[in-house]
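The values are calculated or read from the model by the stated rules, or taken from the named source; none is laboratory data. None of these values were measured; they are calculated from a predicted model. All Cβ positions, glycine included, derive from the backbone under ideal geometry; neighbour counts span all protein chains shown.
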Amino acid sequence: MGMRSLRVGRLAGIPIGVQPLWLAIVVLIAWSLGAVYYPDEVPGIAPAAAYALGLLSALLLFASILLHELGHSVVARRHGVEIEEIDLWLLGGVARMKGYPKTAGDELRFALAGPAVTLAIAIAFGAAVAALPASAPEALRAVLFYQLFVNSAILVFNLLPAFPLDGGRVARALIWERRGDLSRATASAAAIGRGFGYAMIGLGIVATMAGALGGVWLALVGLFVIVAAKAEESGLKVRTAFTGRGAGRFMSYPAVCVPARLSVAEAIEDYFVRYRYTAFPVTDGDRPVGLIDIEHVERVPTGRRTDTATLEAAITDPDLVIGEHQDVAELLERPAFQRTGRAIVRTDAGGLGILSTTDVDRALRALELEAA
Ligand SMILES: [Zn+2]
């Protein structure tokens, strides 16, 4: 889940990523189809042909899952939610959204778009199987039948009301519609999702002990559902707490700043050792030009610290300099902030502060106390 995905290209302008484990799954599917399914379905097939059809089937499955996620993405985009990337991993795909649907109706349409695509694919393969003349080659029938089967399985599985699977999102949209409150709907949907997750793990263990290897898969999905439901729930909690609240309210102020012309060695001695903060804005006069943190200082080889300027070692992404009115919920979703964990806040009066994930965590705990 936490593994980095490999970018493999773009479709409709949306980056497509593949988790390394997914490639292993493709090989596993191709291998099992080539070793068992095709030899069973097509008597007398040559082993090389069986494995080739296995690979073809795995790639068609890959394409089906991609189309499913594109279905989600296109509909989400039409309703003003940007898609950061489509990620294919161990158990299927995820269309990563930037931001959230604005209404229950949007969420419902977004959740149903993927399964609608999968349904269309399953119907197309079903129609193709039904239309095959009796004289058609067995191999062709077997290829089409496998896609019908696997897309039907994806459809049924995704519609389980186990949030954050599609069916769980549908459930959340319906609860949201009825109660008019996204946070509570998410909590309810996540609770149902957790229940399903534990049931899947239990069933998976029983099935595995009974000798069905598919049980391992089921237990893994159960685990995913539990972890992902938790992540969705806490993500929403954070968003609700910080929406409409400016960075100036939570920053550490005033920040101690390191002049850009200092060497890294001087910055270590006069700032990192003296103040024991883990990061400082780097300034040229009053102007913030970068952010130097302890990780970037450590990366400069010991022998080069006297002749390396602090600015050279600093992070200079302009996205990390924000105004005091910057919405914190929006900031937390910025990739630059997620990478660095800190931002430089410039106040209206021209002063500089720092907002770090530690500040945000503390603020969240305080806000939760206030709300309780
Ligand atoms: Zn889906």
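Condition (residue is within 14 Å of the ligand (Cβ to nearest atom), assigned to a helix (DSSP H, G or I), touching a residue at least 40 places away in the same chain (Cβ under 8 Å) and among the aromatic types (Phe, Trp, Tyr)) applied to the stretch 221-229: is it met by at least one residue? Checking the stretch 221-229: at least one residue is within 14 Å of the ligand (Cβ to nearest atom), assigned to a helix (DSSP H, G or I), touching a residue at least 40 places away in the same chain (Cβ under 8 Å) and among the aromatic types (Phe, Trp, Tyr).
Listed by position, the helices (runs of 4 or more DSSP H) inside the stretch 2-120 whose residues that are within 21 Å of the chain's Cα centre (by Cα), surrounded by fewer than 20 Cβ atoms within 10 Å (Cβ to Cβ) and on the phi < 0 side of the Ramachandran plot number at least 2 are 20-32, 47-78.
Hey, any hits in the stretch 185-198 for a residue that's away from the ligand (no atom under 16 Å from the Cβ) and not in a helix (DSSP H, G or I)? No: the stretch 185-198 contains no residue that is away from the ligand (no atom under 16 Å from the Cβ) and not in a helix (DSSP H, G or I). Can you tell me which residue is nearest to the ligand (Cβ to nearest atom) among those in the stretch 80-120 that are among the aromatic types (Phe, Trp, Tyr) and modelled with pLDDT under 75? Going through the qualifying residues, I end up with 89. Scanning the stretch 152-173 for residues that are over 20 Å from residue 200 (Cα atoms), modelled with pLDDT under 95 and over 22 Å from the mean Cα position of the chain (by Cα) turns up nothing. Report yes if some residue within the stretch 259-278 is loosely packed, with under 13 Cβ neighbours inside 10 Å and under 35 Å from the mean Cα position of the chain (by Cα); otherwise report no. Among the residues of the stretch 259-278, at least one is loosely packed, with under 13 Cβ neighbours inside 10 Å and under 35 Å from the mean Cα position of the chain (by Cα), which makes the answer yes.
Take the conditions (1) at pLDDT 90 or above; (2) closer than 22 Å to residue 232 by Cα; (3) more than 16 Å from the ligand (Cβ to nearest atom); (4) not hydroxyl-bearing (Ser, Thr, Tyr); residue 129 misses just one of them, which is (2).
Tell me yes or no: at least one residue of the stretch 267-283 is at pLDDT 90 or above, touching a strand residue (DSSP E or B) at 6+ places or on another chain (Cβ under 6 Å) and assigned to a helix (DSSP H, G or I). Yes, that holds for at least one residue.
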